[in-house]
Amino acid sequence: IPVDEFDLVIFGGTGDLARRKILPGLYRRFRSGQMPEGARIIGAARADQDSAAYRKMIQDAIEEFVPEKSRDSESIAEFIKLLEYIPIDATGEGGWKELAAMVRKEVVKAFYFSVGPSLFGDLAERLHKYGIADDQSRLVVEKPFGRDLDSAKALNAVLAQHFDESQIYRIDHYLGKETVQNLMAVRFGNILFEPLWNSQYVDHIQITAAETVAVGSRGAYYDKSGAMRDMVQNHLMQLLCLIAMEPPNEFEPDAVRDEKLKVIRALDPVAQSDIVRGQYSGNADGPSYVEEAENPDSKTECFVAMKVNISNWRWKGTPIYLRTGKRLRARESEIAVVFKDPPHSIFGEQDGRRGNVLVIRLQPNEGMNLRVTIKEPGPGGMRLMEVPLDMSFAEALGPDAEDVPDAYERLIMDVIRGNQTLFMRGDEVEAAWAWTDPIIKGWTERGDKPKLYDPGSSGPEDALMLLHKDGRRWREIK
Ligand code: NAD
């Protein structure tokens, strides 16, 4: 889908996120011919430098963060010609007049707030005061969107002073992943799945986002948030919404977001006995969580597993288990829909049949597979075995597999197109915090200390028990 000519201003354009994700993503779109003639990208940040220095900085970033196969020096040289830089002070007046003079009136204008949320208000106000933004301009804001309901409401209120909800694009990069959108295509583009997509046929759902990395040097910062705020309230909740929502009547931003919001509002409060929190211990390969957090008494979790129930007609009785953590055995994110067994087995008890599971894999190797039972080939009688029906993108796309757009490049292009479907609406974010707040308050008031787990494991023992006591088991992280 073509995009219009645009001016994209990236506040925080010299930061880690801009250099690692935003600009490499834009470059990849440029290289694949998606960037219109006359597109312009303006970095605005604190560093006092000129556009030439900025172009060099971004050239280096592209060389560092875009795989060699997906870049070439000719297109990099062309791409960086689109870049300009303005030193700006978000909380003062320096640089704003220059920015106002530079941004064009007649093109799509997008402002990416790749800075801490404490600056959102200052930026929104100055964009307005200097006549840079108009009622067609778009704002892109990064996570974290608040740390509880009150702070999220305050951020929404600050943005709402100068911008309408239809102009605000709250990024959750999980929503930009190819597989996540494919989940909607599979659910709503086929007749096969939707009739089975309910508590009558689905035993339970598991959503896992396992990381191998530790909190490392970000430990002290991370310790103020924890896995519930950093991963569950946003990314896992978004996945849960997409997997559980009713079919929207059209694939339009508010139709989709209305359905997601209904799911969040239907979530039951979670009993503390249905939550397991963890912290990794140290070993020869690295320090423990509390050491990295520089807080020996830390009660912040870097692992959380929980059982979630949705009180509506479709899902009553089908639990959704969420799990995420750092320094686990493998880097793996997936959603697994585990179907019930057939009502009666005509083959008697057989080991080979383990039931249908639809796995939607976000990383690594984005793709989906459906586990089905077939007859073991050969003359050995009616013996059953399981095989995956594999829908892996890497295979389907062949040598172009690497060119599956990264989540950020897709989302930024959606901003320019003015499509909010894959962005969180303000009321969604608030509803998610309204559900999360009492859970966090519960364990904070009890003063619970997270359980220790071995680095490289799949989390604390108690997390296994969470499913065992329901007669279920987690899929292996491998
Ligand atoms: P960073 O510290 O690397 O960069 C911050 C940027 O903001 C710099 O360009 C700096 O010049 C600019 N800045 C700071 N104060 C300013 C001021 N007063 N006026 C003008 N510019 C100012 O931060 P980052 O890691 O790039 O993160 C940016 C935002 O994105 C944060 O809100 C962060 O939580 C969020 N985020 C980052 C990541 C990531 O992977 N880095 C991931 C998700 C969300």
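The single residue among 42, 62 that is of a type in the set (Val, Ile, Thr), touching an Asp or Glu at 6+ places or on another chain (Cβ under 9 Å), in contact (Cβ under 8 Å) with a residue 24 or more places away in the chain and surrounded by 14 or more Cβ atoms within 10 Å (Cβ to Cβ) turns out to be 42. Would a scan of region 74-92 turn up a residue that is in a loop (DSSP other than H, G, I, E, B), without any contact (Cβ under 8 Å) to a residue 12 or more places away in the chain and within 16 Å of the ligand (Cβ to nearest atom)? Scanning region 74-92, I find at least one residue that is in a loop (DSSP other than H, G, I, E, B), without any contact (Cβ under 8 Å) to a residue 12 or more places away in the chain and within 16 Å of the ligand (Cβ to nearest atom), so the answer is yes. The residue of region 1-26 that is farthest from the ligand (Cβ to nearest atom), among those that are β-branched (Val, Ile, Thr) and either modelled with pLDDT of 95 or more or buried (at least 18 other Cβ atoms within 10 Å of the Cβ) (or both), is 3. The listed residues are 29, 55, 104, and the only one of them that is within 26 Å of residue 136 (Cβ to Cβ), more than 11 Å from the ligand (Cβ to nearest atom) and in a helix (DSSP H, G or I) turns out to be 29. Taking the condition surrounded by 15 or more Cβ atoms within 10 Å (Cβ to Cβ) and closer than 17 Å to residue 176 by Cα, does residue 228 pass? Spelling it out, it is not the case that residue 228 is surrounded by 15 or more Cβ atoms within 10 Å (Cβ to Cβ) and closer than 17 Å to residue 176 by Cα. Limited to region 226-250, what total is found for residues that are outside any helix (DSSP H, G or I) and farther than 22 Å from residue 427 by Cβ? Residues that pass the stated criteria total 1.
For region 110-146, a residue qualifies if it is farther than 30 Å from residue 237 by Cα and among the basic types (Lys, Arg), and the qualifying residues are 126, 129. For region 32-52, the set of residues classified as among the aliphatic types (A, V, I, L, M) and part of a helix (DSSP H, G or I) consists of 52 only. Listed by position, the helices (runs of 4 or more DSSP H) contained in region 407-478 that have at least 1 residues being closer than 19 Å to residue 323 by Cβ are 426-446, 461-468. Would you confirm whether or not region 282-290 contains a residue that is in contact with a helix residue (DSSP H, G or I) (Cβ under 7 Å, 6 or more places away or on another chain) and assigned to a strand (DSSP E or B)? No, because not a single residue in region 282-290 is in contact with a helix residue (DSSP H, G or I) (Cβ under 7 Å, 6 or more places away or on another chain) and assigned to a strand (DSSP E or B). Of the residues examined, residue 244 is one that is over 19 Å from residue 149 (Cα atoms), in contact with a strand residue (DSSP E or B) (Cβ under 8 Å, 6 or more places away or on another chain) and touching a residue at least 40 places away in the same chain (Cβ under 8 Å). Summed over region 307-354, the residues that are polar (S, T, N, Q), surrounded by 13 or more Cβ atoms within 10 Å (Cβ to Cβ) and either at pLDDT below 95 or more than 20 Å from residue 199 (Cα to Cα) (or both) give a count of 3. Out of the residues in region 121-146 meeting the condition of being near the ligand (Cβ under 9 Å from one of its atoms) and in a helix (DSSP H, G or I), tell me which one is farthest from residue 9 (Cα to Cα). Out of the qualifying residues, it is 122. Would you mind stating whether residue 53 is surrounded by 18 or more Cβ atoms within 10 Å (Cβ to Cβ) and touching a residue at least 24 places away in the same chain (Cβ under 8 Å)? The answer is no for residue 53. Here residue 180 fulfils each of the conditions (1) surrounded by 21 or more Cβ atoms within 10 Å (Cβ to Cβ); (2) within 16 Å of the ligand (Cβ to nearest atom); (3) under 18 Å from the mean Cα position of the chain (by Cα) apart from (2).
The values are calculated or read from the model by the stated rules, or taken from the named source; none is laboratory data. From a predicted model like this one, the values you see are computed outputs, not experimental measurements. Virtual Cβ from ideal backbone geometry, glycine too; neighbours counted across all protein chains shown.
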